[in-house]
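What follows is one structure encoded as structure tokens, with my remarks underneath.
The values are calculated or read from the model by the stated rules, or taken from the named source; none is laboratory data. Since this is a predicted model, take the numbers as computed values, not measurements. All Cβ positions, even for glycine, are placed from backbone atoms using ideal geometry, and neighbour counts span all protein chains on display.
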Amino acid sequence: MAEKRSWVEEKVVVEAEDGLHARPARMVWEEARRYGAEVRIHKESLDLDAKSIFDIMRLNATKGTELIIRARGEDAKKAVQVLVRLISSATS
């Protein structure tokens, strides 16, 4: 019987003046791909794959946007912590 894994999640607010534009979006994408966990980014009604650069760009996350980073799997907690830190410290 497969083990059910629960989601680890944390909220983060985009602080960069230019939001989560191409450069920081690429950094988030590259970092998310390092983890074995399933990693999602939630914004309002969107729940997107953090391992898809297209999905990250679809967020259109401007300064002040609240995101929820969610992950489940083998290294979920670390993935969430690192991505939250990356998004909160991203600059323009």
- Just name the residue that is surrounded by the fewest Cβ atoms within 10 Å (Cβ to Cβ) out of those in region 20-36 that are at pLDDT below 95 and small (Gly, Ala, Ser). Ala22
- Starting from region 65-78, take each residue that is free of Cβ contacts under 8 Å to residues at least 60 places away in the same chain and of a type in the set (D, E, K, R) and list its partners that are surrounded by fewer than 14 Cβ atoms within 10 Å (Cβ to Cβ) and in a loop (DSSP other than H, G, I, E, B), counting only C-beta distances under 7 angstrom and pairs at least six apart or across chains. Glu74/Gly36; Asp75/Gly36
- Any residue at all in region 4-18 that is surrounded by fewer than 16 Cβ atoms within 10 Å (Cβ to Cβ), aromatic (Phe, Trp, Tyr) and assigned to a loop (DSSP other than H, G, I, E, B)? yes
- Members of region 36-92 that are acidic (Asp, Glu) and over 16 Å from Glu15 (Cβ atoms): Glu38, Glu44, Asp47, Asp49, Asp55, Glu74, Asp75
- Among the residues of region 37-64, which ones are in contact with a helix residue (DSSP H, G or I) (Cβ under 9 Å, 6 or more places away or on another chain), surrounded by fewer than 17 Cβ atoms within 10 Å (Cβ to Cβ) and either in a loop (DSSP other than H, G, I, E, B) or in contact (Cβ under 8 Å) with a residue 24 or more places away in the chain (or both)? Ser52, Met57
